[in-house]
Amino acid sequence: MASTTDTLPTRMNGTRAWVDYLSKVELPVLANTLRRINELTDSNSSTVNQLAEVILNDAQLTSQVLRLSNTVFYNQTRTQVGTVSRAITLIGFDAVKSMAISSLIVDTLLARSERSHLLKCLARALHAAVQARCLLPRRNEQALEEVFIGALLMNIGELAFWSCDTEQADELEQRLGQDEPAVAAQKTVLKTTFAEITRGLVEAWALGPFIRDVVSAGRPNSKAASLVRHSVELARLSESGWRGADMDKLMETLGGELEEAPATVRDQVRINAGEAAKIAVSLGIPQVQALLPGADTGAEETTKSPQPAAPDPELQLQILRELAECLTAKPDINQVCQLVTEGIQRALGMQRVALLMSDRSGTQLVPRKVLGLETEGWRDGFVIERNRKTTLNRLLSDHECTLYKPAKDAQRAGFDPWVGKVPALVGPLMAKGRIVGLFYADNAGAGSAPSAGQLTAFSHFVRHAQLCLTLLSVS
């Protein structure tokens with residue numbers, strides 16, 4: 001909860017109060033990140049790079065996305081994926097976007113609370129999302145991920161509420177434990193319902209027209225939205241078993257919509273439930289497996305903790321192989337440079353990486369790609385003037401990859417407390433004997449200078465970007 005609790009109402013009453021409280025006090029970072037991801041569309045390479053940067057700036061999120069990228073659920077070719085950039089290229093923009101959203105939801109909410117109601121809601125949301133994705137007929141990538149996220153977020157108001165440590169959460173939990181009807185208890189304690197809070201959050205967080213249709217009070221406007229609602233109902237009913245009057249009726253309804261026999265649909269949804277249990281493990285939430293039908297099918301998998309930032313020789317080789325594959329096809333400088341910056345950050349264990357390129361005037365090098373924490377000021381401030389003698393101009397003194405060692409009297413750059421003041425790896429990109437780009441990487445305030453081995457690996461990565469630039473200049 002916020003530290004300025006004295007300025008907040010002691011109780012939230014009504015939909016607007018809860019939407020404001022969840023959006024501005026409890027979950028502003030989640031709201032802003034979801035909004036930013038949803039604003040991205042796969043229209044060109046720049047948005048692909050923006051999605052990669054959103055993911056790569058969160059080590060836990062990167063680990064989750066790559067783990068999911070190597071599951072059969074998303075990657076049926078079983079081609080090993082070692083970088084976020086490669087995942088977007090191989091698996092698809094919308095699929096990686098879906099992984100990022102689901103990972104953010106799970107990690108953010110579970111970091112705040114382990115209430116039994118939150119775990120139950122997460123299990124139901126994940127189960128519904130997998131069912132919707134697996135049941136969707138006439139599939140294309142965008143539609144698959146749209147229904148997955150639609151089902152995952154259909155009850156985002158309830159998920160957000162149970163992640164918060166409030167007196168009203170304790171009070172509602174007590175009432176539900178006494179078997180009071182859920183909606184009646186919500187109206188008494190919250191002066192609204194979870195459904196209304198969800199609709200408010202969908203608008204406030206700009207989650208898009210499809211999810212707005214899914215959570216609306218009226219009839220859905222599309223078969224996909226109808227499937228999402230049925231998948232959420234299916235996940236709820238399955239908690240009491242696969243048989244029963246309500247479940248049988250739902251199987252009939254789904255069979256009609258999917259043009260399949262109800263018995264065929266029943267067999268399929270049971271298989272899908274087992275897949276949901278495996279996805280729970282890949283998302284790092286094995287604690288919800290016991291709440292999912294078919295949880296035993298995923299028992300053979302184990303979770304992996306995200307690796308600390310340290311040089312990873314195997315990952316270096318994997319990314320270098322991916323770079324080589326990119327260069328054997330038609331070279332794409334954006335894709336190659338994205339792989340290089342990601343490789344420097346993840347495989348070398350460097351905390352912050354930037355690629356600077358010449359502006360149109362040719363008088364400045366300006367940021368094109370930035371990765372790492374505490375680099376907010378780099379996009380506007382990390383500018384090297386060619387014709388001025390500054391600390392930053394010392395980064396241009398060599399025409400080969402080098403370890404920059406700051407002079408004793410070096411002045412820090414005004415946009416950052418460490419650039420210019422700490423050792424860094426620097427690698428130029430050349431064209432006709434002139435520096436047209438620069439890769440920069442440092443460890444911020446960690447106090448550790450890059451090693452000779454890191455410099456060697458850094459040089460290998462930069463060499464691939466230089467080769468791509470050279471190939472394009474002669475083609």
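Derivation of every value follows stated rules applied to the coordinates shown; laboratory data play no part. Predicted, not measured: the structure shown is a model, and the values here were computed from it. Methodologically, a virtual Cβ is constructed for each residue, glycine included, from the backbone with ideal geometry; neighbour enumeration extends over all protein chains shown.
P(r) for the range 210-250, from all Cα pairs and a bin width of 5 Å, is 5, 24, 27, 16, 16, 11, 1 %, short bins first. A cut-off of 5 Å between modelled amide H atoms, ignoring neighbours fewer than 5 places along the same chain, links Arg352 with Asp442, Ala444.
Report summary: the helix-based calculation at 222 nm, which adds -39500 (n - 2.57) for every DSSP H run with n ≥ 4 and divides by the residues of the chain, gives -17000 deg cm²/dmol.
Distance from the C-alpha centroid of the range 175-207 to that of the range 349-408: 50 Å, rounded to the whole angstrom. Converting phi to 3J(HN,Hα) with the Karplus coefficients 6.51, -1.76 and 1.60 and the offset θ = phi - 60°, the range 78-85 yields 6, 6, 5, 10, x, 9, 5, 4 Hz in sequence order, with x at every glycine or proline. Using only Cα atoms and rounding to the nearest 10 degrees, what angle (0 to 90) does helix 262-282 make with the longest principal axis of the chain? Roughly 40 degrees between the two axes.
Based on C-alpha pairs under 8 angstrom that are at least 6 apart in sequence, the range 5-298 has a relative contact order of 22 percent. Restricting the calculation to Cα atoms, the range 405-475 shows an Rg/Rh of 1.05 when the hydrodynamic-style radius is the Kirkwood one.
Using alpha carbons only, how many degrees (0 to 90, rounded to 10) separate the axis of helix 167-177 from the longest principal axis of the chain? Helix 167-177 sits roughly 40 degrees off the main axis of the chain.
Give me the angle, in degrees from 0 to 90, between the Cα long axis of helix 333-346 and the longest principal axis of the Cα atoms of the chain, rounded to the nearest 10. For helix 333-346, the angle is close to 80 degrees.
In this structure the amide hydrogen of Leu429, modeled in the peptide plane, comes within under 5 Å of the amide hydrogens of Val436, Gly437, Leu438, Phe439, none closer than 5 places in sequence on its chain.
In the structure shown, the pairs Lys191/Lys249; Lys24/Lys191; Lys223/Lys249; Lys97/Lys223; Lys369/Lys408; Lys24/Lys187 are assessed against 24 Å; a Cα-Cα span above that value is assigned to Lys191/Lys249; Lys369/Lys408.
Any chance you could check the Cα centroid distance between the range 27-76 and the range 433-455 for me, in angstrom? The range 27-76 and the range 433-455 have Cα centres separated by 26 Å. Of all aspartates and glutamates in the structure, those lying under 17 Å Cα to Cα from Lys421, and not within fewer than 8 positions of it along the same chain, are Glu374, Asp409, Asp442. Protection proxy ranking for 407-413, 72-78, 146-152, using the average of other Cβ atoms within 10 Å per residue and placing the highest first: 146-152, 72-78, 407-413. Normalised Debye scattering of the chain at q = 0.06, 0.08, 0.14 Å⁻¹ gives log10 I(q)/I(0) of -0.32, -0.56, -1.28, counting only Cα atoms as equal scatterers and leaving out solvent. 3J(HN,Hα) along the range 213-230, derived from phi through the Karplus expression 6.51 cos²θ - 1.76 cosθ + 1.60 where θ = phi - 60°, amounts to 5, 4, 8, 5, 6, x, 5, x, 8, 9, 5, 5, 5, 5, 4, 4, 4, 5 Hz, with x in place of Gly and Pro. Full extension of the chain between Val29 and Ala182 yields a length gain of 52.2 nm, computed as 0.36 nm times the residue separation minus the alpha carbon distance.
Both radii were evaluated on the Cα set of the range 313-474; the Rg over Rh quotient, with Rh as the Kirkwood radius, amounts to 0.94. What nm value, rounded to one decimal, do you get for the distance between Ala111 and Asn57 when each label is placed 7 Å out toward the C-beta? Placing both labels 7 Å along Cα→Cβ, they lie 1.4 nm apart.
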